[in-house]
1. Where only protein heavy atoms count, and the probe is 1.4 Å, what is the accessible area per residue for the chain in Å²?
2. From the alpha carbon gyration tensor of the chain, can you work out the equivalent ellipsoid semi-axes (sqrt of 5 times each eigenvalue) and give them in Å, largest to smallest?
3. Keeping all protein chains in position, work out how much accessible area V127 exposes to a 1.4 Å probe, and write it in Å² to the nearest 10.
4. Can you work out the Karplus-derived ³J(HN,Hα) for every residue in segment 129-142? Use 6.51 cos²θ - 1.76 cosθ + 1.60 with θ = phi - 60°, whole Hz, and x for glycine or proline.
5. In deg cm²/dmol, rounded to 500, what helix-only [θ] at 222 nm does the chain give when every DSSP H run of at least 4 residues adds -39500 (n - 2.57) and the total is split over its residues?
6. Ignoring ligands, DNA and RNA, what percent of the 1.4 Å accessible area of segment 1-62 is carbon and sulfur?
7. If you plug each phi of segment 162-175 into the Karplus form 6.51 cos²θ - 1.76 cosθ + 1.60 with θ = phi - 60°, what whole-Hz ³J(HN,Hα) values come out, in order, with x for Gly and Pro?
8. Return the percentage of antiparallel bridges among DSSP beta bridges fully within the chain, rounded to the nearest 5 %.
Amino acid sequence: MTSRIVELGPDDDLFPAWCEVWTAAQRAERPDDPPRQAGDHAALGRELLAGGSRSGTHRALVVDGAVVGALRLIFTLRDNTGVATLDLAVHPGHRRRGLGSRLLSEAGRLAAARGRTSMIADVDEPVPDNPGRAFALRHGWTCDLLETRRDLLLPPDEERLAALEAEAAVAGAEYELVTWRDRTPDHLLDDRALLWRRMTTDAPQGDLPVEEEDWDGGRIREWEANSLARDRTVLSAGALRDGRLVAFTDLHVPLAQPERAQQSGTLVLGEHRGHRLGARMKAAVLRDLAAAFPQVRRITTYNSEGNRPMVAVNEALGFRPAGQLSCWSTRL
């Protein structure tokens with residue numbers, strides 16, 4: 001057996017095979033979920049080369065001429081400059097041969113060379129005793145945060161949704177509800193940046209070695225452009241008080257595979273909580289989704305069980321548990 005680790009980019013000849021490793025791994029873990037598209041991986045790769053707020057690198061593990069392992073490292077440049085985010089996969093047909101360990105060692109070397117002192121990674125766990133968890137434990141990583149995955153099957157129960165909308169409208173009568181798609185309105189941009197900054201401190205982070213992120217209007221526009229480049233549309237809703245954006249929620253729809261959407265960030269500033277704004281915004285996005293993308297059959301979201309208000313909102317909407325996501329770290 002001959003093997004080598006090679007650096008590659010999104011336009012290299014080996015990149016489609018690199019993407020196939022992820023496809024095989026994801027199908028093995030969650031056969032009912034559509035795997036991530038190669039175009040999404042390529043667009044992210046181009047983003048990391050573009051010189052924005054983060055950079056990164058890719059490696060392929062090649063055995064006897066075939067790509068069997070995939071590694072991606074992401075480095076934020078405006079904040080958390082001691083941390084590297086790790087994505088690692090080994091083709092299911094080539095596991096238990098030390099290949100993942102070899103890629104992990106390479107990741108540590110690359111991260112240290114960039115001055116990073118910690119690595120973090122997420123592990124999707126559809127069932128207990130997931131191979132990713134066993135791999136992380138075997139290499140001495142620490143589980144710093146655990147989130148429950150919840151799925152909402154569409155269309156939602158209309159009676160349940162209408163009742164929730166009515167209750168939330170009364171509780172938040174002093175707030176104006178607004179919606180938009182893909183691009184935050186200019187007059188709300190600074191408020192949106194503040195919400196994203198607060199998202200990194202107010203939302204549960206467990207013991208992950210991360211700090212507050214540095215968001216401004218320019219970084220929001222960069223994030224929006226990158227989402228479009230990755231062939232995603234983002235449906236958003238917000239709540240206004242005295243003309244200021246004090247809450248938001250985002251829902252991502254992958255246009256190439258719109259059957260499953262992803263509920264992304266949701267935040268209500270602490271001083272405006274208790275008015276059912278989270279429920280009201282999410283219900284509004286559900287209405288927009290049904291009108292624009294009736295082919296979406298499921299929405300997935302992740303929440304720490306310690307975030308009881310958000311868990312309660314999701315359960316009221318009809319989300320049900322479907323596994324968990326564990327977040328891990330290691331010191332270099």
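The values are calculated or read from the model by the stated rules, or taken from the named source; none is laboratory data. Since the structure is predicted, the reported quantities are computational estimates derived from the model, not experimental observations. Here the Cβ positions follow ideal geometry from the backbone for every residue, glycine too, while neighbour counts run over all protein chains shown. What goes into the accessible areas is simple: the full protein's heavy atoms, side chains included, and nothing from ligands, DNA or RNA. Shrake-Rupley method; radii C 1.70, N 1.55, O 1.52, S 1.80 Å.
1. Per-residue accessible area for the chain comes out at 45 Å².
2. Values for the chain, descending: 35, 21, 19 Å.
3. Near enough 90 Å² of accessible area.
4. 6, 5, x, x, 5, 4, 5, 4, 5, 4, 9, x, 6, 10
5. Calculated mean residue ellipticity at 222 nm is -11000 deg cm²/dmol.
6. 48
7. Running phi through 6.51 cos²θ - 1.76 cosθ + 1.60 with θ = phi - 60° gives 5, 5, 5, 4, 5, 4, 5, 5, 5, 5, x, 4, 7, 10 Hz.
8. Of those bridges, close to 90 percent are antiparallel.
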